[in-house]
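Taken together, the values in this text are just the output of simple stated rules run on the coordinates, not laboratory data. What you are looking at is a predicted structure, and each value in this text was computed from that prediction instead of being measured. Virtual Cβ from ideal backbone geometry, glycine too; neighbours counted across all protein chains shown.
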Amino acid sequence: MQIAIISDYIYGEFISGQAVFARRLIEGLAPRVSKLIVITTGPKTAVSRQGNIVTYCLNGVHLKKFQGAHLTLNPFAVWKRAFRDERVDLVHAQVPTLPALVVARHCRKQGIPLVFSHHVQAENLLKNMNLESPLICKGLTKYGLWVYNHADHLIFPSRFARDELLSYGLRRDLPTSVISNGVDTSVFSPGDGRKPLVLYVGRLMREKNIDTLIHASAIVKRRHPEYHFAICGDGYLKSQLEELARKVNPDVLFTGRLSDEELVNMYRAARIFVLPSEFELQGIVLLEAMACGAVTVVSDAPTSAAGELANRLFSNRDPADLAEHINSLIENPSALKRLGEENRRRTVNEHDFAGIVDRHLKVYADLLRAKKASPAATAHPPFRGEASS
């Protein structure tokens, strides 16, 4: 089985849930398939080979607000080379950017099974570009649906993500699966020495609403001065958020980006993990925190799937309500212990990454089996403006 994994954001400095998932999926699939062909984007065009993984990197435009992220505007040359030099049995695309559009058209013409994962909400991009226009958001969503609707199978990380896209107009007859982004529970696991610490991990960007957590930290600090708050990650709002913290709670620690080992140790130290963001299709950081035994407090924003993994929900963008939930947990140590243990069990039983890889391989195998039995089974609907073949 030779699988092509397509995504603009995999190996750059920009950290997103989609990039983390793609890297982990590649690592999990590599020992179990004959070859992986990875097509991604970076500052320059390059081809590299390591073991059974061959990576085609396309030259892309740097997106300044999405630090280290590149977006290719001309995928055709390298794309054609990859398909000329490599035999591809199945394509798994991660985001509906321009390479994915080229992928979808090529797969339709060649009868190659096409799988998409749904990782991105239009609001994630628009909110950080100060383009919070319902019209633009609708246009981006329609484009994404147009691309997705030409897939053979669409994978969602949560029930919320699937229901949201169906409500926007996803083809009802399109085969879909809900498969968690998952977490390696052998790496992310509870440790000794849990501290009075409330933790956030993620990008320091607008949709994450980290200012809500900083304001809430000041309220908690007045009642529980022994508790500390740590914000781990990087982003264009870092200096602005640090300035806010200096004004309302100078005790807030900004760690910047951490190494993998440092990050696991930070999760293991925290008793409570807060994700105040407004837009999430699941939240890999929640799974990581849960696997390490932390209790999760999450915004109740109607545009977020994170509530599916929450122990407590607070009113979106309401620091006082967030602080009240944190205080109530601090003041109930037995609940903290019980919920943390439940979170660990849940991630092991439902979200362990070994099982996630198994489920992806089953989707691939079923599609390839259907193609072998009946080549017409992988026929895609024509793109608008093209005649049916």
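Quick look at the numbers
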| item | result |
| --- | --- |
| Gyration tensor verdict on segment 202-264 (Cα atoms; rounded if a/c is under 1.5, prolate if a/b is larger than b/c, oblate otherwise) | oblate |
| Charge tally in the Cβ shell below 13 Å around Phe156, where Lys, Arg are +1 and Asp, Glu are -1, Phe156 excluded | -1 |
| Rule-of-thumb Rg ratio for segment 286-360 [Cα; 2.2 N^0.38 Å; N residues] | 1.21 |
| Least to most buried among Trp79, Trp146 (fewest other Cβ within 10 Å first) | Trp146, Trp79 |
| Helix-only mean residue ellipticity at 222 nm for the chain, each DSSP H run of n ≥ 4 adding -39500 (n - 2.57), per residue, nearest 500 | -12500 deg cm²/dmol |
| Global form of segment 197-351, assessed from the alpha-carbon gyration tensor, a/c cut-off 1.5 | rounded |
| Fluctuation leader among Leu322, Leu237, Leu101 - the chain, Gaussian network, Cα springs under 10 angstrom | Leu237 |
| Relative exposure of Ile26, Ile284, Ile272, judged by other C-beta atoms within 10 Å (fewest first) | Ile26, Ile284, Ile272 |
| Cα-based helix-to-principal-axis angle, 333-346 vs the chain, degrees rounded to 10 | 10 |
| Between 0 and 90°, nearest 10: helix 238-248 axis offset from the chain longest Cα axis | 20 |
| Reachable aspartates and glutamates, given that their alpha-carbon falls under 17 Å from the alpha-carbon of Lys44 and they are not under 8 places away in the same chain | Asp8, Glu13 |
| 13 Å beta-carbon shell around Lys195, net charge (K/R +1, D/E -1) | +1 |
| Proximal aspartates and glutamates relative to Lys208, as straight alpha-carbon distance under 14 Å, when same-chain residues fewer than 8 apart are discounted | Glu123, Asp234, Glu278, Glu280, Asp300, Asp318 |
| Proximal charge balance of Arg346 [Cβ under 12 Å; K/R count +1, D/E count -1] | -3 |
| Cα-centred dipole magnitude for the chain, charges only on beta-carbon of K, R (+1) and D, E (-1), debye, nearest 20 | 1040 |
| Unsatisfied cross-links (Cα-Cα over 23 Å) in the set Lys238/Lys337; Lys109/Lys372; Lys195/Lys221; Lys221/Lys337 | Lys238/Lys337 |
| Helix 260-269 axis, angle to the chain major axis (alpha carbon atoms, nearest 10°) | 40 |
| Area projected by the alpha carbon convex hull of segment 160-235, averaged over all directions, nm² | 8.5 |
